[in-house]
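Student: Before anything else, here's the structure in question.
The values are calculated or read from the model by the stated rules, or taken from the named source; none is laboratory data. Please read all numbers here as calculations on a predicted model, not as lab measurements. Cβ sites come from the backbone with ideal geometry, for glycine too, and all protein chains shown count toward neighbours. Remember, those area values only see protein heavy atoms, side chains included, never the ligands or the DNA or RNA. Shrake-Rupley method; radii C 1.70, N 1.55, O 1.52, S 1.80 Å.
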Amino acid sequence: MMWITGTGVGLINIAGYATPTKELHWLSSVFVGILMCKIVYDLTGVISSSLFKGYDKLNNKEKLEWNNRGFSTFHAIVVAAGSLYLLIFSDLFGDSQDGLIINRSSTLSDTLLGVSIGYFLSDLAMICYNYPALGGVEYVIHHGLSMYSIILSLLSGQAQLYILMVLFTESTTPFVNLRWHLDVAGLKNSKMYIYNGVALFFGWLVARIILFVFFFYHMFIHFDQMVHRPILGQECLPLGILQLDFCTSSDLTDESVLVLENCQRHGKTLRKARHSR
């Protein structure tokens, strides 16, 4: 029999949900995520060396983070696009479907969660191996909790709707990474840097503020599905919800600082432009 640990509910039996076919699919998805990170990491270095003259002038630490942010951006695009499709365009969480909305999953949603686990494993391995070049303890904690919540949701088939909402917030990551790339490339005064900052602000507003208002509202109106309902013979809170709150709040704080920095910098740029006139 298979058991997993959930927040505040102890051990939960998932033997009725996990099958050999699903287990193989989950492991394959995680492997694909790891392989994806390795391939994109190598391609980022090759492409950057060919197209960006300043890449070869970067030191080893900067090249390491440059390539690391390459597969971070690629993962963000993949999971954000997949989450958007599953949440908006597919019928997975539509009213026409039978069953509790927080109990729904599909092959595609399982694949997306598995790929994300592979990404977090790869990124966490790089962070630990090159510590503290790619981030400190806060990154280790964040990645650990993120993986924990995704794994619980994947293995139980519960709360994938909310996991996908959180994964969609990765849509702001490419702008954060591009901001770093432009900074390292010495292009902080370029128009591209300003345009990217504006895009980051509006993306952050939609994905990190408006979305989370809906996120918590949706949890509230479906609270009866989250507690006091029998799951495999016992009362259970959908797994990963409390972990999600912690992880997303830390992400929100980090990007809030970036957005405020962008607003401050853009304000100074506009004042200088007006003064020069």
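Student: Considering only helices (runs of 4 or more DSSP H) fully contained in the range 117-198, which possess at least 1 residues that are over 26 Å from Tyr85 (Cβ atoms) and open to solvent by 60 Å² or more (accessible area, probe 1.4 Å)?
Tutor: 137-156, 173-184
Student: State all residues of the range 95-116 that are among the hydroxyl-bearing types (Ser, Thr, Tyr) and surrounded by 15 or more Cβ atoms within 10 Å (Cβ to Cβ); if no residue qualifies, say none.
Tutor: Ser105, Ser106, Ser109, Thr111, Ser116
Student: Being at pLDDT below 95 and either touching a Cys at 6+ places or on another chain (Cβ under 7 Å) or open to solvent by 80 Å² or more (accessible area, probe 1.4 Å) (or both) is the requirement here; does Gly54 meet it?
Tutor: No; evaluated as a whole, the condition is false for this residue.
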